[in-house]
Amino acid sequence: MSGTPSESVTLEVEEPLAGERTGLRASPSLDDQPQKWFLSPHTNRMQVWDTLVIVSAVFSFSLDLFMFAFDSKLVALWVLTYVGDAFFITDIFLRFFRGYMKDGILITDRHRIRRHYLKTTFCLDLYSVLPLDFIVFVEPGLGAAGIMKQLAQFRWINSFVRCSRLFSFFGKCSKI
């Protein structure tokens, strides 16, 4: 340092006029209390959970391809695929409480979180856990038997759709 005085920068924020809507609230809830059922995507626990879900999705996809290719009927493999499904179903439930970033701001309002999830990836997530093989197992006479059994054989397509989460996962990892 050459002995020159340091400069400071002051940031002034204008308060909105009464009745003016900015789209942003100073508090995440209507009653000026923090959200009780809110999951921040930036915590270590959520990042570990995301990693676990992604590993589970890739493992389930690989396992489904193996079972499809070799027409495997090993019960242990089916149990492992359903464990992967359970992780993903739990993640679908958690996504209804998980905040998201919009224009650099963490959205914590639960109604906006739910609406955002329903409008974005909920349909893909729901499709990816459709239990086509389980439907055939429970109701063998449902529909044309040949069609339902073919659908059950293509369970790996559901797992492939589930792997679409890889894109957002690696997108987040590249920002770190």
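What the table below lists for this structure:
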{"read-out": "Enumeration of residues in the stretch 71-129 that are of a type in the set (D, E, K, R), within 19 Å of VAL161 (Cβ to Cβ) and crowded, with 17+ Cβ neighbours inside 10 Å", "value": "ASP85, ASP91, ARG95, ASP125"}
{"read-out": "Qualifying residue in the stretch 75-91 (condition: modelled with pLDDT under 95 and in contact with a Gly (Cβ under 7 Å, 6 or more places away or on another chain))", "value": "no"}
{"read-out": "Any hit, the stretch 124-131, residues being at pLDDT 90 or above, of a type outside the set (A, V, I, L, M, F, W, C) and over 23 Å from VAL48 (Cα atoms)", "value": "no"}
{"read-out": "Count of the stretch 36-51 residues which are surrounded by 13 or more Cβ atoms within 10 Å (Cβ to Cβ) and not acidic (Asp, Glu)", "value": "6"}
{"read-out": "Pairs, first more than 14 Å from MET46 (Cα to Cα) in the stretch 90-112, second of a type in the set (Val, Ile, Thr) and surrounded by 14 or more Cβ atoms within 10 Å (Cβ to Cβ), C-beta under 8 Å, six or more apart", "value": "MET101/ILE107; ILE107/ILE113"}
{"read-out": "Residue tally, condition closer than 20 Å to PHE66 by Cα, basic (Lys, Arg) and at pLDDT below 70, over the stretch 132-176", "value": "1"}
{"read-out": "Unmet criterion (only one of (1) part of a loop (DSSP other than H, G, I, E, B); (2) under 16 Å from the mean Cα position of the chain (by Cα)) for PHE93", "value": "(1)"}
{"read-out": "Conditions (1) within 18 Å of ILE157 (Cα to Cα); (2) at pLDDT 85 or above; number of the one not met by ASP71", "value": "(2)"}
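The values are calculated or read from the model by the stated rules, or taken from the named source; none is laboratory data. Fair warning: this is a prediction, and the values are worked out from it, not measured in the lab. A quick note on method: Cβ atoms are made from the backbone with ideal geometry, for glycine too, and the neighbour counts reach across all protein chains shown.
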